[in-house]
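The values are calculated or read from the model by the stated rules, or taken from the named source; none is laboratory data. Owing to the predicted nature of the structure, the values given are computational and were not obtained by experimental measurement. Note that each Cβ is placed from the backbone with ideal geometry, even for glycine, and that neighbours are counted across all protein chains shown. Surface accessibility is based on the protein's heavy atoms, side chains included, excluding ligands, DNA and RNA. Shrake-Rupley method; radii C 1.70, N 1.55, O 1.52, S 1.80 Å.
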Amino acid sequence: MYLEKDDERVLAGEFGETRQKMMEILVALGGVYEAEKLVPIASAQVSGASYKTIGKWGLAWLQSLDTRVAVPTVLNPIGMPQEGWQEFGIGEEFAGHQAEVVEAYRRLGIKLECTCTPYYLRITEYGEHLAWSESSAVAYANSVLGARTNREGGPSALAAAIIGKTPYYGLHIVANRRPQVVVEVEGGEGLHADHWGGIGHVAGKKVGNRIPIFTGIRPARDNLKALGAAMAATGAVALFHVDKITPEARVFSFDTDSLDRVTVTADEVEDLFVETEVEAVAVGCPHCSPDELREIADLLRGKKTTKPFYIFAARGVATANPDLVAAIEKSGARVIPDTCMVVSPRMDEFGSIMVDSGKALAYVPGMCGALARIGTRKECVEVATS
Ligand code: F3S
């Protein structure tokens, strides 16, 4: 891989051991994927932020780094809200370790906005190169915003954040972003808006790591978020197109007859929505948008919760919408920033959790050891208040 003079000096250790190690990670990655060069990035998003997922070895590695990031960088959700973790039911020992992780990232100059929806907080431009690691954020950035990022691991995203560049391969190259498989959704435009996570859950299993193009559907932005997150979880989708909707669908001329085709049937989606008793309800995977908070506030008006009901959102989104948060919390539900239903140990305490997300449906059983049920947001509110 070609390196500029300054990059060679970083690799030789002239700017310290940490930067040298980070450049070594990028050079190794570039070698594996036969990248021709490094490309500057506009921002980074680093996963591996919850102590639940990185543990003491991950923390020790972070604490050994002594440099600063070169581009605006945010974290994926951590294991607890940064404030009010006691009320959320987090124990002191975990909170102490989590605080050490946060401090290690703060020392690196990373913004302590811990979210899988950084695109609600900072404008990301079409065509920008990024190094993001949360799979749902990667799918959204590539597909909905037209930015360019591979699905980074936590260490490679951090290395890119510190160097300010990432290897130029994969989805950074326009020619690699062409649709590879057509997805038809039976019932298309008539499906309920809240079924998009379910559609993605089914579609992800069928398309695997190929780049799908959907035809005959008209999802809105939040629907695209749910669709991509679920496909990234049950498949390995980092980019998808929707004909006549997403920005790059019109960039490529392609003949749908020459591509493989898969169909997502209404029955396959409906079969996911199995009714069963649950101990808690959680929505906001990926983190809620302001519109989703408004919808939940409307659905909760005049109701009281009868079981724990958590709504996860970026701290910046919650803070910018205090009236919506107050309206939601009047019911007994809680809007929780910084963390999520999968990476927080709080959710491990429930034996069964209802979610509104195709991604959470896939991850909650393995990550929380709980039975997961999916419902629409309206159904989630009904179950949380009945
Ligand atoms: Fe975000 Fe956690 Fe879901 S990181 S996409 S809320 S699993």
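Helix-derived [θ] at 222 nm for the chain: sum -39500 (n - 2.57) over DSSP H runs of at least 4, divide by residue count, nearest 500? Walk me through the numbers on the way to the answer.
On the way: 14 runs with 143 residues, N = 386.
Dividing the helical sum by the residues of the chain leaves -11000 deg cm²/dmol.
How big is the dipole moment of region 178-270 about its Cα centre under a simple scheme where the beta carbon of each Lys and Arg is +1, that of each Asp and Glu is -1, and everything else is neutral? Debye, nearest 20, please. Spell out each step's value before the answer.
Numbers: 10 positive and 13 negative charges, 84 e Å.
It works out to roughly 400 debye.
Please state the shape class of region 5-174: rounded when a/c is under 1.5, otherwise prolate if a/b exceeds b/c and oblate if not, all from the C-alpha gyration tensor. Write out the running numbers ahead of the final one.
On the way: a/c = 2.25, a/b = 1.34, b/c = 1.68.
Here region 5-174 falls in the oblate category.
Starting from the Cα of residue 330, draw a straight line to each of the aspartates and glutamates and keep only those under 13 Å, dropping any in the same chain fewer than 8 residues away.
298
At a 1.4 Å probe radius, which order do 129, 172, 97 fall into by accessible area, largest first?
97, 129, 172
Could you tell me the convex hull volume per residue, in Å³, taken over the Cα atoms of the chain? Please report the intermediate quantities before stating the final value.
Details: hull volume 48.4 nm³, N = 386.
Cα-based convex hull of the chain, divided per residue, equals 125 Å³.
When the Kirkwood hydrodynamic radius is evaluated over all pairs of different C-alpha atoms of region 280-385, what value in angstrom, to one decimal, is obtained? Don't skip to the answer; put the middle values down first.
On the way: mean 1/r = 0.0750 Å⁻¹.
One decimal place: 13.3 Å for the Kirkwood radius.
Would you list, by chain and number, the lysines whose Cα falls below 21 Å from the Cα of residue 359, excluding same-chain residues fewer than 8 positions away?
The qualifying lysines are 52, 205, 206, 225, 378.
Tell me, what % of the accessible area of the chain is carbon and sulfur with a 1.4 angstrom probe? Present the calculation step by step, with values, prior to reporting the outcome.
On the way: 7750 of 15590 Å².
The C+S portion of the solvent-accessible surface of the chain is 50 percent.
The chain: longest stretch without exposed GluC sites (Glu not before Pro) (DSSP loop, at most 15 other Cβ within 10 Å), sites themselves excluded?
Values: sites that count: 4, 14, 34, 36, 83, 87, 125, 186, 275, 277, 279.
Longest gap between qualifying sites, sites excluded: 280-386.
Translational diffusion coefficient of region 59-133 at 37 °C, 0.692 mPa s, Stokes-Einstein with Kirkwood Rh over Cα pairs, in µm²/s as a whole number.
Values: Rh = 13.9 Å.
D, rounded to a whole number, is 236 µm²/s.
Leaving ligands, DNA and RNA out of it, rank 367, 80 by accessible area with a 1.4 Å probe, largest first.
Details: 367 75, 80 10 Å².
The most accessible residue leads, giving 367, 80.
With springs only between Cα atoms under 10 Å apart, run a GNM on the chain and tell me which of 258, 344, 331 wobbles the most.
Sorting by GNM fluctuation, first place goes to 258.
Using heavy-atom solvent-accessible surface (probe 1.4 Å) with all chains present, what is the largest-first order of 145, 112?
Numbers: 145 25, 112 50 Å².
Sorted descending by solvent-accessible area, the residues read 112, 145.
Of the residues 250, 151, 334, which exhibits the maximal mean-square fluctuation in a Gaussian network model of the chain defined by a 10 Å Cα contact cut-off?
In the Gaussian network model the winner is 250.
Residues of region 269-386: accessible area per residue at 1.4 Å, in Å²?
Values: 4550 Å² over 118 residues.
Roughly 39 Å² per residue, with all protein chains present.
Give me the 1.4 Å probe accessible area per residue for region 5-174, excluding ligands and nucleic acids, in Å². Before the final figure, lay out the partial values.
Numbers: 6910 Å² over 170 residues.
That works out to 41 Å² for each residue.
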